[in-house]
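A quick write-up on the structure given underneath.
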């Protein structure tokens, strides 16, 4: 099964779980050629008038200026990137399930289906991304799904309803927060870096396109690493200048934008957060401090949900046998069991590092482990009646099962915590034997 997630922060195409394409929905339109994705990002600050990053959100015929070869409007850019995606499949007319952000309108779906057909795709269904994500999770009470794309952040309210065929998850409301879109956040972060250069080196990298592009490239790369602090350097006339920037400083710059998002959430509740949200400096921690219970989602969560829901998704469209029969699927069976039937989480009893385990008889900091190395990011393992949780130290860059976290996160036996060059594993010891 081909699954195409059209969130333009990273347009993602997978086949049976294998990633074929992951590129941002960004284009650089030159008179003779148009490039997309990372190649377009690498030109964004050098040629800003040629850079376009709104075409997936607009999905309309608004003009593109200046024109390029085969590019007159926003829909043309969607078509050309879809052709690039089709080429990545190696198929002449691949069948695909499209996954779309909840904020896409019915009118835009109609445009998208037409463009996708022209680009060589046979669309079997369009699935609401938030519904797909929520269908695999277990929660009590109100639940929202938070995601971010280039031009907006969204929070989608979902509910679980009982029916004759079993529990169903459906979308009830969608709020858009344009000020918290990834592109807007990046602009603020670039200003932070530029101010650091001016204060520390008396050089403003934003005055020159080449040095601005250097800042832009390294800032995006640094954010993706999840590092608590990373260096950015610019070279101009063979003189290299360097500053360090922390995720904490970037998070502080974005506080007002994060607050706008929090207002859209209303009261505290359960919030499933995409891996794109988890990458934003300080965002997940901010939401947790506001009282929300976070359910972090893995980068492959959408692909996994669609493949697990194949029986519910595909028959609806395949009965029509034509692309025009595809329609939006905004409700899906609840895959997660109720809290009474869910598989119990195995509570860890020890934390293991380099073949040495210490017991979790109380709250334990990583720095207390004999294998901990001074200078490594620190974290705490907390015990409570509800189980075990991992709490990063302020500005500590750690990851849980490969996902960077900057907030308190529940954990179970078998989970792995990466801290610098160290790897800690939570294990359960029963009758003297390690299990998991």
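The values are calculated or read from the model by the stated rules, or taken from the named source; none is laboratory data. All figures in this text were calculated on a predicted structure; none of them were measured in a lab. Every residue, glycine as well, gets a Cβ built from its backbone with ideal geometry; the counts of neighbours run over all protein chains shown.
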Output for the stretch 35-78, where each listed residue is more than 24 Å from the chain's Cα centre (by Cα), within 25 Å of residue 101 (Cβ to Cβ) and touching a residue at least 24 places away in the same chain (Cβ under 8 Å): 60, 64, 71, 75
Would you mind telling me which numbered condition in (1) free of Cβ contacts under 8 Å to residues at least 40 places away in the same chain; (2) closer than 23 Å to residue 187 by Cα residue 30 fails? (2)
Taking the condition of being modelled with pLDDT of 95 or more and within 27 Å of residue 126 (Cα to Cα), how many residues in the stretch 17-33 meet it? 10
Give the residue, chosen from 429, 364, 391, that is surrounded by 14 or more Cβ atoms within 10 Å (Cβ to Cβ) and touching a residue at least 24 places away in the same chain (Cβ under 8 Å). 429
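In the stretch 292-303, is there at least one residue being assigned to a helix (DSSP H, G or I), in contact (Cβ under 8 Å) with a residue 40 or more places away in the chain, closer than 24 Å to residue 415 by Cα and in contact with a helix residue (DSSP H, G or I) (Cβ under 7 Å, 6 or more places away or on another chain)?
Yes: the stretch 292-303 contains one or more residues that are assigned to a helix (DSSP H, G or I), in contact (Cβ under 8 Å) with a residue 40 or more places away in the chain, closer than 24 Å to residue 415 by Cα and in contact with a helix residue (DSSP H, G or I) (Cβ under 7 Å, 6 or more places away or on another chain).
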Keeping to the stretch 147-194, report how many residues are within 21 Å of the chain's Cα centre (by Cα) and not in a strand (DSSP E or B). 17
Is it the case that the stretch 90-107 has a residue that's surrounded by 17 or more Cβ atoms within 10 Å (Cβ to Cβ) and assigned to a helix (DSSP H, G or I)? no
Evaluate the stretch 112-123: report whether one residue or more is closer than 22 Å to residue 293 by Cα and part of a strand (DSSP E or B). no
